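What follows is a short report on a single structure.
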Amino acid sequence: MYDNRPPDMAVRYRVSNVGERVAILPATCKTGAHSLARVGYRAQASERDGVVRVSCNACNENVDVDHFWALTLAGSPPARVELDDTPYADVLPVMVEPRDRPARQGW
């Protein structure tokens, strides 16, 4: 499902009013086309790689789209996860050409 690509950034966290650590994941797909709450998503964390990959279900069907966020993990696992674009408003995602297509060269 995933390949080895550079992370887009680190996962953002917050502490709930009862002291739980909460991971905040982007609420919109990496391309900006879909609400993950509406179309669904898959989040897969790899402690070995120190990365969580968040894949948009709608974009995942199109092999020509760089469809998942790669976010680095820090610290202990969170008690829960929430979707929110606000902490990621300043992020410019790292877009990678699909592996089956050669990268486009400049004109």
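Quick rundown of the values:
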{"read-out": "Residue, surrounded by the most Cβ atoms within 10 Å (Cβ to Cβ), within the range 60-107, restricted to residues that are polar (S, T, N, Q), modelled with pLDDT under 90 and within 26 Å of Arg12 (Cα to Cα)", "value": "Asn60"}
{"read-out": "Verdict on Val54 being in a loop (DSSP other than H, G, I, E, B), within 21 Å of Tyr13 (Cα to Cα) and under 14 Å from the mean Cα position of the chain (by Cα)", "value": "no"}
{"read-out": "Filtered residue count, the range 1-48, keeping only those that are over 14 Å from Trp69 (Cβ atoms) and assigned to a loop (DSSP other than H, G, I, E, B)", "value": "9"}
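Results for (1) in contact (Cβ under 8 Å) with a residue 60 or more places away in the chain; (2) closer than 13 Å to Pro93 by Cα; (3) basic (Lys, Arg), shown as yes or no for each residue.
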site	(1), (2), (3)
Ile24	yes, no, no
Ser35	no, no, no
Glu47	no, no, no
Gly50	no, no, no
Asn62	no, no, no
Phe68	yes, yes, no
Ala74	yes, no, no
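The values are calculated or read from the model by the stated rules, or taken from the named source; none is laboratory data. Everything numeric in this text was worked out from a predicted model, so none of it was measured. All Cβ positions, even for glycine, are placed from backbone atoms using ideal geometry, and neighbour counts span all protein chains on display.
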